[in-house]
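The values are calculated or read from the model by the stated rules, or taken from the named source; none is laboratory data. On a predicted model such as this, the values are computed, not experimentally measured, just so you know. Please note: Cβ atoms are built from the backbone with ideal geometry, for glycine as well, and neighbour counts cover all protein chains shown.
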Amino acid sequence: MTGSDRAEPSQICVGDLYNATGYSMTAVGLIHSEGRVLLALSAHDRRWGLLGGPVRRMETPADALRRSIVARTGVCVRVEALQGVVHNPCACCIELVFEARLVQGCEVRLDREELLRAAWFRMNALPANISESARSAVEAFMDQRATPFLVTHRGGEGGAWHA
């Protein structure tokens, strides 16, 4: 198989990953502009995290990311390159971190049962109460912009707000 024959990571269907491995998979968006990243504050645990959600059976990660962000915020995104993977063995979770861009013309409307607010933060000045997986993803993205990253952390919490 040559490089041109391979499917883009955003187009691969997950299928029965959870049933086969016991792991769940989420797709999160690292939505950034001018050195800032968009984070959302969870109503459940009052922690900031990247927007995203679970990849459902036979759904591509890109589709899951778009669906989850629209459901939580009303905001449309264009999913770009896979930036890396955050592996959380304690939570049995793999987060696929995609670079994403906001699409103009979408009205922001937060799902207040899930999110208290969304805000832009400088990537080098993240809030103290950010989830470990979100901090890991943003820091790895800043360190390795040209190379996909793999981060493993032992925290029991996830970092995406699931739709």
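List of remarks:
- Scanning the range 119-152 for residues that are without any contact (Cβ under 8 Å) to a residue 60 or more places away in the chain and assigned to a loop (DSSP other than H, G, I, E, B) returns Ala125, Ala128, Arg145, Ala146, Thr147.
- The range 153-163 - residue that is in a loop (DSSP other than H, G, I, E, B) and out of contact with any Cys (no Cβ under 7 Å at 6 or more places or on another chain) and, of those, modelled with the lowest pLDDT: Ala163
- Number of the condition not met by Glu95 [criteria: (1) over 22 Å from Ala43 (Cα atoms); (2) part of a strand (DSSP E or B); (3) in contact with a helix residue (DSSP H, G or I) (Cβ under 7 Å, 6 or more places away or on another chain)]: (1)
- Test: residue in the range 134-145 that is surrounded by 19 or more Cβ atoms within 10 Å (Cβ to Cβ), modelled with pLDDT of 90 or more and polar (S, T, N, Q): no
- When restricted to residues that are part of a strand (DSSP E or B), out of contact with any Phe, Trp or Tyr (no Cβ under 8 Å at 6 or more places or on another chain) and at pLDDT 90 or above, the range 72-90 contains 2.
- Odd one out for Asp111, checked against (1) exposed (fewer than 15 other Cβ atoms within 10 Å of the Cβ); (2) out of contact with any helix residue (DSSP H, G or I) (no Cβ under 7 Å at 6 or more places or on another chain); (3) within 16 Å of Trp48 (Cα to Cα); (4) modelled with pLDDT under 90: (2)
- The residue of the range 43-68 that is farthest from Ala119 (Cα to Cα), among those that are surrounded by fewer than 23 Cβ atoms within 10 Å (Cβ to Cβ), more than 10 Å from the chain's Cα centre (by Cα) and touching a residue at least 60 places away in the same chain (Cβ under 8 Å), is Arg67.
- Of all residues in the range 76-115, none satisfies the criterion of being farther than 17 Å from Pro61 by Cα and within 12 Å of the chain's Cα centre (by Cα).
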